[in-house]
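The values are calculated or read from the model by the stated rules, or taken from the named source; none is laboratory data. Because the structure is a prediction, the values reported are computed rather than measured. Cβ placement follows ideal geometry from the backbone for every residue including glycine, while neighbour counts extend to all protein chains displayed. Ligands, DNA and RNA are excluded from the accessible area calculation, which covers all protein heavy atoms including side chains. Shrake-Rupley method; radii C 1.70, N 1.55, O 1.52, S 1.80 Å.
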Amino acid sequence: MINLSQPIDLTDPDAEAFLRGIQGNIIKGHGRDHTSHLILKIIGEIPAAKKWIADFSQKFVTSAAASNRMTMSWKADVNSAGEPFFMFLLTAEGYRKLGFTDQQIPSPMNIPFGGVQFDPYFKLGMKVQTDNSLPRKLPDPPVDQWETPYQDTIHAMVLLADDSKERLEHSITEISNSIKGIFQTLTIERGDVLRKKFLRGELVVEHFGFQDGISQPLMIRQDIDKEIAKRGNAHWDPSAPLSLVLVEEPVAPGNYGSFMVFRKLEQNVKSFWESVEELAGKLGKPVDESAALAVGRSQDGIPLLPTAVIVDGTDANDFHYDQDDKALLCPFHAHIRKTNPRGDVPRNLPAPAEFERFRRVVRRGITYGYRPDIGLPSGGSRPEKEVGLLFMCFQSNLDQFVIQQEGSDEKDFVVEGVGPDATIGQSSAPVPQTWPGNVKHTMANFVKLKGGEYFFSPSISFLTGL
Ligand code: HEM
């Protein structure tokens, strides 16, 4: 019997069967370089849609067990194209369209330690953020300014991932042909991993040019042991229980899935760097150092806080803000401090450490858009639009995504008047942040929502049994 309140141990005799039941990419990322996301609306007969989903899931959807096996065989030959990866996800409207009642639609895992027990957001969908009567109003652009396909009712997403772009395109064609008359493809998003050369090698970056995907909650015992051996855990415990992401399905007891936030976030690279340059002028510091203050790490991923263990300087992550409770090294408004406050919340609320740790999310996003300039010295043509992040994160309760509203977008997080997250914060009237030397400078609104939705990734047996 797998205990959800702990990480999973792959040597547990029940682990393989458990992992065969859940989709891959939830407890560990699929790791492919290219993705495509078919955003779908059911237009055909319901029995035909159910049959298509069941057949597709039987033949293609990659379980967490299969995903682990694929990763191991790819690691044995990293130059190979590996194997393709497939996921299928439903929105609350998708469940309803397939005939499920609201009681049968997945409900959030109860968040322990004083969390919101009832989170209505999955059932309401992402577009509700325009409704001012709801407690969680995200300062996103109104729905009529989203890209047209996202203004429509979305029922499902097929997520394809592959290291071979050619094979990925072939899969898209095959799927597009097979869904004709059953699903309408509202849009297809394409994600491509972006890499940039640094002194310490080529790293995966997001469009502002910073290494991304370093700090993640780890839910596999063997991954945790490896991480601790390599990067230490004197300050930060990278482990997380399975219940951080998994929730039992009401119609398939004993089977588990996860809520996924999907947000297409456009990045204005030009205005981000212009603002950093202005900040550097005010601070009298180099541009790179000033930029690191906005994120909390340098572009090549080195955190502003010292870490206990540094192995080749790689992906250091063993730090905690108890080491910097006055924010002298890393500002409270730095992106990584707002979205994973490592002790700031319990120190200030007061609340147990678990309260904060249970509001972590597992990020699985990928960059989109073409960037021929990314390797060029600063000053190259920095795009203002059409590039960004297909942000995705998994959690067992969408209340965990409160880090966007109460963390990134909120002016009073941990410290009153701290202002928005300097990298991704959105605000119609941003409060200027306070930088070293009491310098005031406003950094906000470089990231804009183009559309999105809340999805659930059901268990394999739910999907194949439709
Ligand atoms: C970390 C960039 C959106 C949550 C990071 C890092 C970068 C980054 C450069 C540091 C590397 C790492 O630790 O992996 C961006 C950009 C975004 C974006 C450019 C939008 C275009 C978001 C959103 C959220 C989020 C929407 C959630 C609301 C996090 C978290 C971490 C992180 C939790 C890890 C912090 C830590 O553990 O110290 N992001 N991010 N990010 N980001 Fe974002």
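Straight distance only, please: which lysines reach the Cα of residue 226 with their own Cα at less than 22 Å, same-chain residues fewer than 8 apart left out? By straight Cα distance, residue 226 reaches 28, 75.
Classification of the chain by its C-alpha gyration tensor yields a rounded form. The axis ratio a/c (a ≥ b ≥ c) stays under 1.5. Divided by 2.2 N^0.38 Å, where N counts the residues, the Cα radius of gyration of segment 267-452 comes to 1.02. Placing +1 on the Cβ of every Lys and Arg and -1 on the Cβ of every Asp and Glu, with nothing else charged, gives segment 267-452 a dipole about its Cα centre of roughly 360 debye. Taking the accessible area of the chain, probe 1.4 Å, and keeping the other protein chains in place, the carbon and sulfur fraction comes to 53%.
With the simple spin-label model, which puts each label point 7 Å out from Cα in the Cβ direction, the residue 46 to residue 326 separation comes to 6.4 nm.
Projecting the Cα atoms of 92, 10, 393 onto the charge dipole of the chain (Cβ charges, centred on the Cα centre) puts 92 farthest toward the positive pole. The HN-Hα couplings worked out from phi for segment 208-217 by the Karplus form 6.51 cos²θ - 1.76 cosθ + 1.60 (θ = phi - 60°) are 6, x, 9, 4, 10, x, 7, 8, 9, x Hz, whole numbers, x standing for Gly and Pro. The charge dipole of segment 1-46, taken about the Cα centre with unit charges on the Cβ atoms of Lys, Arg (+1) and Asp, Glu (-1), comes to about 260 debye, rounded to the nearest 20. Counting only DSSP beta bridges with both residues in segment 184-330, the antiparallel share comes to about 90 percent. With all protein chains kept in place, the per residue accessible area of the chain amounts to 41 square angstrom at a probe of 1.4 angstrom. Pairs from the list 282/326; 41/180; 270/448; 197/285 with a Cα-Cα gap above 19 Å: 282/326; 197/285.
Select from 291, 404, 281 the residue farthest towards the positive end of the dipole of segment 267-452; place +1 on Cβ of Lys and Arg, -1 on Cβ of Asp and Glu, and compute about the Cα centre. Comparing the listed Cα positions along the dipole, 404 ranks first.
Considering only C-alpha atoms, what is the centroid distance from segment 391-433 to segment 189-246, in Å? Here the answer is 21 Å between Cα centres.
Heavy-atom accessible area, probed at 1.4 angstrom with all protein chains present, ranks 150, 256 as 256, 150, highest first. Karplus-based coupling profile of segment 43-56, in residue order and whole Hz: 10, x, 5, 5, x, 5, 5, 5, 5, 4, 4, 5, 5, 4, with θ = phi - 60° in 6.51 cos²θ - 1.76 cosθ + 1.60 and x standing for Gly or Pro. Think of it as helices only: each DSSP H run of n ≥ 4 in the chain is worth -39500 (n - 2.57), and spread over all residues that comes to -7000 deg cm²/dmol at 222 nm.
Might you report the magnitude of the Cβ-based charge dipole of the chain about its Cα centre, with Lys and Arg at +1 and Asp and Glu at -1, to the nearest 20 debye?
380
3J(HN,Hα) along segment 279-285: 4, 4, x, 5, 7, x, 10 Hz, from the Karplus curve 6.51 cos²θ - 1.76 cosθ + 1.60 with θ = phi - 60°, whole Hz, x for Gly and Pro.
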